[in-house]
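Have a look at the structure below, then the notes.
The values are calculated or read from the model by the stated rules, or taken from the named source; none is laboratory data. In this text, all values refer to a predicted model and were calculated from it rather than measured experimentally. No Cβ is skipped: glycine too gets one built from the backbone with ideal geometry, and neighbour counts run over all protein chains shown.
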Amino acid sequence: MFRGARGPGVSTRLVIGAFLVAGVVWGAAPTVASAGTPGGTPALATKLLSAAEVPAGWKSTFIPTSEVFHGSCFQAARSALKKGWERTGFTNHKASFDEYLAPASKSAKWRSLSHNLATCKKFHYSLGKHTLTGVVKTLQLPPVGTASSAYTVGVVGNAIFTLVDDVVLFQAHTELGVLTFVTVSKPNPTTVAALARTAVAKAEGQPVSAPAGSGATTTTTS
């Protein structure tokens, strides 16, 4: 999530810079990336969400793992998602979400990611000449799949802007999954929860369609 600060000048430039770092650019054509990473499997790739199963207006794209988890605190998270996961992602130019799936053989990596999110309470993130403070909090969402947990990873920069990634980890039968969601304003928990439910259902082999109402990406409150 990006919440631009009021006022021109350096604040605006920093917000734009952060926007580019996260790969969600207003009005830009999406960069299409094929699902899959070294070590993944074609069968697992078929369990990822497809364009037909997300709300209208979302286009295929993907944000590299290094741009999802910012700061040295998340070295374990970046390492956990680096290899062996099938992946896909979508953007509507106002928000972006990415999905990762791995087989049960990657459970150690999945647990490492979960542990990293659960224990990294504060961290620092550098943006240009600015060093920002980040915090990780538990995100209260309805459980999905066999097991799940959710976190909000926020970077606050001296009232200039706030960058937030909502992260949902889930287990769907034997498959392990991660969903990350970033938007330009406060994410709507209903949207994130609906996407997580759909991702789990698809991973479990259930027929799915685009979540009703999940095209909305923000709440109306601050």
TODO: Need at least 2 residues that are under 14 Å from the mean Cα position of the chain (by Cα) and modelled with pLDDT of 70 or more per element, so show me which helices (runs of 4 or more DSSP H) inside the stretch 1-119 make the cut, counting only ones lying wholly within it.
DONE: 75-80, 107-119
TODO: Please indicate, with yes or no, whether at least one residue in the stretch 202-216 is out of contact with any Ser or Thr (no Cβ under 7 Å at 6 or more places or on another chain), at pLDDT 90 or above and not in a loop (DSSP other than H, G, I, E, B).
DONE: yes
- [ ] Considering only residues that are of a type in the set (Phe, Trp, Tyr) and more than 23 Å from Ala193 (Cα to Cα), look in the stretch 98-127 and name the one that is surrounded by the fewest Cβ atoms within 10 Å (Cβ to Cβ).
- [x] Phe123
Open item on the list: I want to confirm something. Restricting to the stretch 125-145 and keeping residues that are touching a helix residue (DSSP H, G or I) at 6+ places or on another chain (Cβ under 9 Å) and in a loop (DSSP other than H, G, I, E, B), which single residue is farthest from His173 (Cα to Cα)?
Closed with: Gly128
